[in-house]
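I have a structure I would like to understand better, so I am pasting it below and will then ask my questions one at a time.
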Amino acid sequence: MGTREDLLDAAKQCLATRGYARTTVRDIVAASGTNLAAINYHFGTRDKLLQQAMLESSAEAVTQILEALPAPDPSDPTARLEAFWQSLITSFTENPPLWHANAESLNQALHSPELRTELAAAQSRARHALTEAFGNGNPTVGALLQTMISGLLLQWLIDPESAPTPTELTAGARALLPR
């Protein structure tokens, strides 16, 4: 690996252990074995490095979830959706620092037009991937699922005991469908 990749890996580790707002350049330099000048050379700022690391980590987590889904079952079209919700919630519980950093980045985006632009592009990619996985080409399905994921994440971070379960989410989706 090169210095750029070392910095990204270190930033991902720091996000996982310290979160977005509490990760310092010193933390990243210590974890990467590089120097401060390397951050400036490869990314320009700590925030740009953390943004890249957070976006990559989130994309990797969601890609793993989507790739592990069972094939669609024509006899139960919502079974795959329930498996998705279960995998997503499992990711929330097994990797909370990633999802905390994801939520923290939303607050950071309020003050950074550049991060807002990056997050908007990431959301667009996520909607597209969700459309491909569940929507049979219908982009409104990806938009709905992306919105539900964001809401579920916030509910889960605030009060996981009261957040909807995969079964409740799937039952709600079934209830929306015409009979």
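Within the chain, what whole-number % of the accessible surface is contributed by carbon and sulfur, with the 1.4 Å probe and all protein chains included in the calculation?
56 percent
Quick check on packing: order 84-91, 36-43 by the mean number of other C-beta atoms within 10 Å, highest mean leading.
Ranked from most to least packed, the peptides come out as 84-91, 36-43.
Follow-up. Mind listing the phi-derived Karplus ³J(HN,Hα) values for segment 87-93, rounded to whole Hz, using 6.51, -1.76 and 1.60 with θ = phi - 60°, and x for any glycine or proline?
The phi angles translate into 5, 5, 5, 4, 4, 4, 7 Hz.
If you build the convex hull over the alpha carbons only and average its shadow over all orientations, what do you get for the chain? Give it in nm² to one decimal.
So the Cα hull casts an average projection of 11.3 nm².
Got a sec to turn the phi values of segment 153-163 into Karplus ³J(HN,Hα) couplings, 6.51 cos²θ - 1.76 cosθ + 1.60 with θ = phi - 60°, whole Hz, x for Gly and Pro?
Per-residue couplings from phi come out as 4, 5, 4, 5, 5, 7, 8, x, 5, 9, 5 Hz.
Which value, in Å², gives the accessible area per residue of the chain when a 1.4 Å probe is used on the protein heavy atoms?
56 Å²
The values are calculated or read from the model by the stated rules, or taken from the named source; none is laboratory data. Worth saying up front: this structure is predicted, and the values here are computed from it rather than measured. Virtual Cβ from ideal backbone geometry, glycine too; neighbours counted across all protein chains shown. Just the protein is used for accessible areas: all its heavy atoms, side chains included, with ligands, DNA and RNA removed. Shrake-Rupley method; radii C 1.70, N 1.55, O 1.52, S 1.80 Å.
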